[in-house]
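Asks: Quick one: the structure is below, questions incoming.
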Amino acid sequence: MAKARNAKDGMSIRRELDEYVDAHLNRHMYDTEVSWPLRKTIRLPKQAELEDNYARVRAQDDVIRDWANRHQCETSEKTKIVSSGIVRQKSQLVDSVIIPDLDTALRIATRTTRERYLRERQRMRELADEFGISQDSALNVAKTLKNHDDVDFRLVIQAAHYFTRHDCHTMTPRMVPIPGFSAKWLGTPNSQRRKAICMLTGQDNLDFQERPGELRLRFMDAEHHGQPDLIITQPWIHNRPTDIAHAIIIENKDTYQAMPTAAHAICIFGSGYATLKRMTTLLPWVTDIPDIIYWGDMDADGLDILSKLRQTGIPCASLLMDPAAYRAYERYGTILDTKNKPLTTRESKPTPQLTSEERGLYEMLCTGTNATYLRIEQERIPIADAAAILHDQYQWPIAMPDNTI
């Protein structure tokens, strides 16, 4: 209401007062103690403003009084002296509106805010009574579940009672035998549902046997060419291959599947950031391979993955991920992401493991400086070109496919 006494019309003033009360309820929806009454200060006009626009100021004052009377709110006033030529008169102007209690505020608020406030308070009381927790704790749970409907809320209560009585460390989240649950209902370890359940049960986390990650790879030698991929879900420690001299980690599936044969080599499907979390865990001997190559998209994410992969302890070189490669294949670039939305520039982040040339390409693709396209997808680059580099530069014993591009 800082401008209530200037050019605002009656509708604007009433809307501002409504919005002030509505915002206050939303801001304090999860506070245990909310003090009433609530006083809203109304800025009084400066003397010159008052005398130049007295009729308008009086009309606005009448609007504020009408709003207060209609909502059964009190007002406080301040006396102002108004001069008009030689005539001086006293004028009582509203300098604050007092909302006396919560019920009044709820009547003023929008229907959405009113219903949500009452719902959250009801949830708080129900949780406090059912689980014997404090109002503060109950409101924290309600806040965690604020975007969840009543069905979800009831399922959280049901799940909390179940996990109070049962040990779940031998189950995966999808195995929990509670009626009404979908297989994915509990979500990830940091999901809002799991957080709420832990608050209600007093646990730090739900000690599930989480579904293991997986790593896909294939042997590239002629003997295994065309055979099914290996899917690694547990750390490969025993009976590891001992003749692997070369490994290439490839970002995209089409390129992964199209790589030609090579003796004493494996091809690992990178699949984006997911591999970073599991490469050295599931394949601990990968760091012992003398020659490791990473080949991903020429975009900001691909280069960020390369830096993070090296941070995990994998000493890999990059393939076709520098400014020279970008210029050579720029004609294959794209302006769209995987959802056909325009690619946009971004702020560059630290990539401590990139070489100076790789970093130069990363910054170019983040900012769009001197770059027609922000992405060149790996699949667009001919396999024969990559094979030639592996053969000539890295001395891989690799079969050379025909370049049909």
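The values are calculated or read from the model by the stated rules, or taken from the named source; none is laboratory data. Quick caveat: nothing in here was measured; it's all calculated off a predicted structure. Note that each Cβ is placed from the backbone with ideal geometry, even for glycine, and that neighbours are counted across all protein chains shown. Areas reflect the complete protein model, heavy atoms only, side chains present, ligands, DNA and RNA absent. Shrake-Rupley method; radii C 1.70, N 1.55, O 1.52, S 1.80 Å.
Asks: Just to check your reading of the model, which residue among Ala258, Ala247 is open to solvent by 30 Å² or more (accessible area, probe 1.4 Å) and closer than 19 Å to Ile398 by Cβ? Don't jump to the end; show me each part of the working.
Replies: Values: Ala247 fails: open to solvent by 30 Å² or more (accessible area, probe 1.4 Å).
Checking each option against the conditions leaves just Ala258.
Asks: Then there is this: Could you tell me whether Ile42 is open to solvent by less than 80 Å² (accessible area, probe 1.4 Å), within 41 Å of the chain's Cα centre (by Cα), closer than 17 Å to Gln92 by Cβ and modelled with pLDDT of 85 or more?
Replies: Judged against the criteria, Ile42 is a match.
Per-residue answers, yes or no, for (1) among the charged types (D, E, K, R); (2) surrounded by 16 or more Cβ atoms within 10 Å (Cβ to Cβ); (3) on the phi > 0 side of the Ramachandran plot:
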| position | (1), (2), (3) |
| --- | --- |
| Glu77 | yes, no, no |
| Val82 | no, yes, no |
| Ser91 | no, no, no |
| Val97 | no, yes, no |
| Thr113 | no, yes, no |
| Arg116 | yes, yes, no |
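Asks: Would you confirm, using the coordinates I've provided, whether Leu309 is closer than 22 Å to Tyr394 by Cα, in a helix (DSSP H, G or I) and either of a type in the set (Phe, Trp, Tyr) or within 31 Å of the chain's Cα centre (by Cα) (or both)?
Replies: yes
Asks: Do the conditions hold for Ala328, that is, is it more than 22 Å from Gly270 (Cα to Cα) and more than 31 Å from the chain's Cα centre (by Cα)?
Replies: For Ala328, the condition - more than 22 Å from Gly270 (Cα to Cα) and more than 31 Å from the chain's Cα centre (by Cα) - is met.
So that you can scan it fast, the table gives a plain yes or no per residue for (1) at pLDDT 85 or above; (2) over 15 Å from Leu106 (Cα atoms); (3) within 42 Å of the chain's Cα centre (by Cα):
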| residue | (1), (2), (3) |
| --- | --- |
| Gly10 | no, yes, yes |
| Ile13 | yes, yes, yes |
| Glu19 | yes, no, yes |
| Pro37 | yes, no, yes |
| Gln60 | yes, yes, no |
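Asks: Within the range 322-367, take every residue that is in a loop (DSSP other than H, G, I, E, B) and in contact with a helix residue (DSSP H, G or I) (Cβ under 6 Å, 6 or more places away or on another chain) and give me the one that is most open to solvent (accessible area, probe 1.4 Å).
Replies: Arg346
Asks: Here's another thing I want to ask about it. Can Thr113 be described as of a type in the set (Val, Ile, Thr), touching a residue at least 60 places away in the same chain (Cβ under 8 Å) and in a helix (DSSP H, G or I)?
Replies: Yes; evaluated as a whole, the condition is true for this residue.
Asks: Would you mention how many residues in the range 356-405 are within 18 Å of Ile249 (Cα to Cα) and of a type in the set (S, T, N, Q)?
Replies: 3
Asks: Same structure again: Show the residue pairs meeting these rules: Cβ distance below 8 Å; 6+ apart or different chains; first residue within the range 258-278 and at positive phi; second residue open to solvent by less than 30 Å² (accessible area, probe 1.4 Å).
Replies: That search, which allows pairs on different chains as well, returns His264/Ile244; His264/His246; Ser271/Glu251; Gly272/Glu251; Gly272/Ile305.
Asks: Determine, yes or no, whether Ile232 is open to solvent by less than 60 Å² (accessible area, probe 1.4 Å), at pLDDT 95 or above and within 33 Å of the chain's Cα centre (by Cα).
Replies: No: the conditions fail for Ile232.
Asks: In the range 37-106, which strands (runs of 3 or more DSSP E) lie fully inside it and hold 2 or more residues that are touching a residue at least 40 places away in the same chain (Cβ under 8 Å)?
Replies: 38-41, 87-99
Asks: Could you check the range 264-298 and list, in sequence order, the residues that are in a loop (DSSP other than H, G, I, E, B) and open to solvent by less than 40 Å² (accessible area, probe 1.4 Å)?
Replies: Gly270, Gly272, Leu283, Ile289, Gly296, Asp297
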